[in-house]
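One structure is given below, encoded as structure tokens.
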Amino acid sequence: MPLRKIVHIDMDAFYASVEQRDDPQLRGKPVIVAWRGNRSVVCAASYEARKFGVRSAMPAIRAERLCPTAVFLPPDFPRYRAVSRQVRDIFRRHTDLIEPLSLDEAYLDVTENKTGLPTATQVARTIREQIRTELQLNASAGVAPNKFLAKIASDWKKPNGLFVIQPEEVDAFLLPLPVGRLPGVGKVTEEKLKGFDVQTIADLRRFDLSALEARFGRYGVRLYELARGVDESKVVPDRPTQSISSEDTFERDVSLAETEPMIRRLSELTWAASRKESRVARTVVLKLKTAEFKILTRSHTPPSPPSSCEELIAIALSLRARVTLEPRQRFRLVGVGLSNLFELQDLSAQPGLFE
């Protein structure tokens with residue numbers, strides 16, 4: 001199979017950068033895009049705010065403590081979507097193989113490009129320049145032989161950077177990295193790997209396929225491939241999102257009553273992620289994992305899609321009330337999700353669903 005040329009474009013601090021672009025008085029100031037409230041989370045933070053330790057998905061109240069001089073702005077998702085469409089119009093000048101991940105990032109397959117530029121690096125450089133001159137925004141880019149490596153590369157010289165991984169450089173780049181840089185390796189998997197004395201990707205490569213399969217099941221195959229820089233997944237244009245969710249594992253097992261703060265926080269994260277989609281979700285899903293690793297799910301499809309974060313929280317908490325286990329039961333994980341996504345025009349064409 002011939003090597004592909006993949007570019008991953010990631011807009012820098014996208015929501016906050018749009019706000020700073022559109023209001024010159026905000027430029028150079030720490031800007032935090034978040035709803036106000038004790039239980040709200042940060043949707044985006046400018047790089048001036050990040051210097052204080054503020055990060056996306058952080059509780060807004062903590063962000064305010066870290067950066068008391070920050071300017072807080074409520075998110076304006078219709079405006080961010082409009083700018084995102086302008087960015088994608090620039091992408092389409094170069095290739096039709098575009099796979100958006102969200103409003104602010106996308107994969108592009110430029111193995112063959114429309115403009116006749118000789119290298120993927122020049123395509124990425126041109127796209128970044130067009131975004132900067134036409135939209136007055138910065139984007140970082142990664143160029144690599146596959147999607148997995150291109151995504152890591154785009155983060156390598158953020159903000160406003162370009163990093164290229166040539167095929168012959170894959171091992172030199174990949175092997176020293178911590179295993180936490182691999183997609184799908186969260187805190188729990190990383191700790192499990194450390195138990196096998198695996199800290200870097202070079203350590204992981206010592207394990208053969210059968211050993212990783214025995215320890216991690218089907219994901220062991222993926223780990224085996226990623227440790228070798230292999231990712232055969234193609235850039236799939238316009239792949240519709242099936243669901244949107246956020247979940248987290250508690251530091252200690254908790255009772256059902258103690259899950260409320262986490263449900264509220266995860267609902268905020270899921271709601272913020274859903275605003276990046278052009279489609280709307282009709283079904284709310286609550287996921288719980290017991291201390292014995294049994295997974296429970298409860299779902300509800302209201303007459304009309306949730307219209308606010310507060311409504312999503314209320315539905316998620318009502319789903320918790322439908323969990324009928326004895327009070328001594330403990331839980332190790334909770335998740336809040338949205339599924340059953342529809343285009344807005346499809347929803348308007350089905351009035352019977354909402355009467």
Tell me, what are the semi-axes, in whole angstrom and largest first, of the equivalent ellipsoid of the range 271-323 as set by the roots of 5 times the Cα gyration tensor eigenvalues? 23, 13, 9
Just to confirm my numbers, what's the Cα centroid distance between the range 164-202 and the range 219-280 in Å? 20
GNM top mover of P237, P75, P303 - the chain, alpha-carbon springs below 10 Å: P303
Each label point is 7 Å from the Cα along the Cα-to-Cβ direction; what then is the distance between the points at E225 and T69, in nm? 4.9
Expressed to two decimals, the range 243-354 has a Cα Rg over Rh, using the Kirkwood radius, of 1.01
By the C-alpha gyration tensor axes a ≥ b ≥ c (rounded if a/c is under 1.5, else prolate when a/b exceeds b/c, else oblate), the shape of the range 192-282 is oblate
Could you work out the pair-distance distribution P(r) of the chain from its alpha-carbon pairs, with 20 angstrom bin width and percents rounded to whole numbers? 25, 58, 17, 0
Please list the non-local residues whose amide H lies under 5 Å from the amide H of D12, H modeled 1.01 Å from N, same-chain partners needing a gap of 5 or more. N138, A139, S140
Label the range 229-288 by shape, choosing from rounded, prolate and oblate, from the square roots a ≥ b ≥ c of the eigenvalues of the Cα gyration tensor; if a/c is under 1.5 it is rounded, and otherwise prolate applies when a/b is larger than b/c, oblate when it is not. oblate
Note on the range 175-226: contact order normalised by length, alpha-carbon pairs under 8 Å, 6 or more apart, percent, works out to 32
Return the sequence-ordered ³J(HN,Hα) values of the range 42-57 in whole Hz as given by the Karplus equation 6.51 cos²θ - 1.76 cosθ + 1.60 applied to θ = phi - 60°, using x for Gly and Pro. 6, 7, 6, 9, 5, 5, 5, 6, 5, 4, 8, x, 6, 9, 4, 6
What value, in deg cm²/dmol to 500, does the helix sum -39500 (n - 2.57) over DSSP H runs of n ≥ 4 give at 222 nm once divided by the residues of the chain? -10000 deg cm²/dmol
Volume per residue that the Cα convex hull of the range 175-226 spans, once the total is divided by residue count, Å³: 65
Please say if the range 1-45 is rounded, prolate or oblate, where rounded means a/c under 1.5 for a ≥ b ≥ c the square roots of the C-alpha gyration tensor eigenvalues, and otherwise the choice is prolate for a/b larger than b/c and oblate otherwise? oblate
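No value in this document is a laboratory result; all are computed from the given coordinates. Because the structure is a prediction, the values reported are computed rather than measured. When we count neighbours, we look across all protein chains shown, and the Cβ atoms used for this are built from the backbone with ideal geometry, even at glycine.
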